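Shown next, in structure tokens, is the structure this report addresses.
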Amino acid sequence: MGKAYQWRRSLFTARNKSKLNTKVTIDHYHRWHEDLALMKEMGIQSYRFSISWSRIFPNGDEEHPNKKGLEFYHHLIDCLLKNGIEPIVTIYHFDQPYGLVKKYGGWVSRKSVADYVKYAKVLLKEFSSQVYY
């Protein structure tokens with residue numbers, strides 16, 4: 001391990017009296033109901049979030065999308081709309097599935113484009129009736 005990393009880690013440990021760690025951050029996947037309640041309480045009218053490519057296609061090159069991943073986003077979007085919050089979706093935010101990174105070297109290879117197009121078409125088919133942005 002590099003000295004800079006060790007120094008940074010020791011600094012974090014020294015300042016972190018509550019024993020918090022960076023392994024779990026906001027955990028939106030498990031706490032989105034709480035997030036939604038807070039948004040509603042604050043009067044938020046729109047919410048921008050990313051759909052994780054690897055939640056829809058875990059390896060990136062599966063023949064069919066992951067149903068549980070789609071269900072998560074359908075439920076989230078349904079609840080946002082029921083609470084008067086407009087979903088604004090980002091379909092790619094630097095989260096290419098690791099399987100494609102290993103297989104093609106990431107975006108270095110144009111072969112990744114076909115898998116991305118397949119992913120984008122699935123999102124369009126699944127969510128275009130409810131998501132306008």
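The values are calculated or read from the model by the stated rules, or taken from the named source; none is laboratory data. Note that the coordinates shown come from a computational prediction; the quantities given were computed from them, not determined experimentally. In this analysis, Cβ positions are derived from the backbone assuming ideal geometry, glycine residues included, and neighbour counts consider all displayed protein chains.
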> So which residues in region 93-110 are surrounded by fewer than 14 Cβ atoms within 10 Å (Cβ to Cβ) and either of a type in the set (S, T, N, Q) or over 14 Å from Glu62 (Cβ atoms) (or both), if there are any at all?
Replying inline: His93, Phe94, Asp95, Lys102, Gly105, Gly106, Trp107, Val108, Ser109, Arg110
> Where in region 52-133 are the helices (runs of 4 or more DSSP H), entirely inside, with at least 2 residues that are at pLDDT 95 or above and closer than 24 Å to Asp35 by Cβ?
Replying inline: 53-56, 67-82, 111-127
> How about region 83-113: which of its residues are β-branched (Val, Ile, Thr) and touching a Lys or Arg at 6+ places or on another chain (Cβ under 9 Å)?
Replying inline: Ile85, Ile88, Val89, Thr90
> Quick check, is Asp27 surrounded by 12 or more Cβ atoms within 10 Å (Cβ to Cβ) and of a type in the set (D, E, K, R)?
Replying inline: no
> Of all the residues that make up region 34-51, how many are free of Cβ contacts under 8 Å to residues at least 40 places away in the same chain and not in a loop (DSSP other than H, G, I, E, B)?
Replying inline: 6
> Has region 55-67 got any residue that is over 12 Å from the mean Cα position of the chain (by Cα) and over 25 Å from Lys111 (Cβ atoms)?
Replying inline: yes
>> Can you report the number of residues in region 53-92 which are closer than 16 Å to Ser112 by Cα, polar (S, T, N, Q) and surrounded by 15 or more Cβ atoms within 10 Å (Cβ to Cβ)?
In response: 1
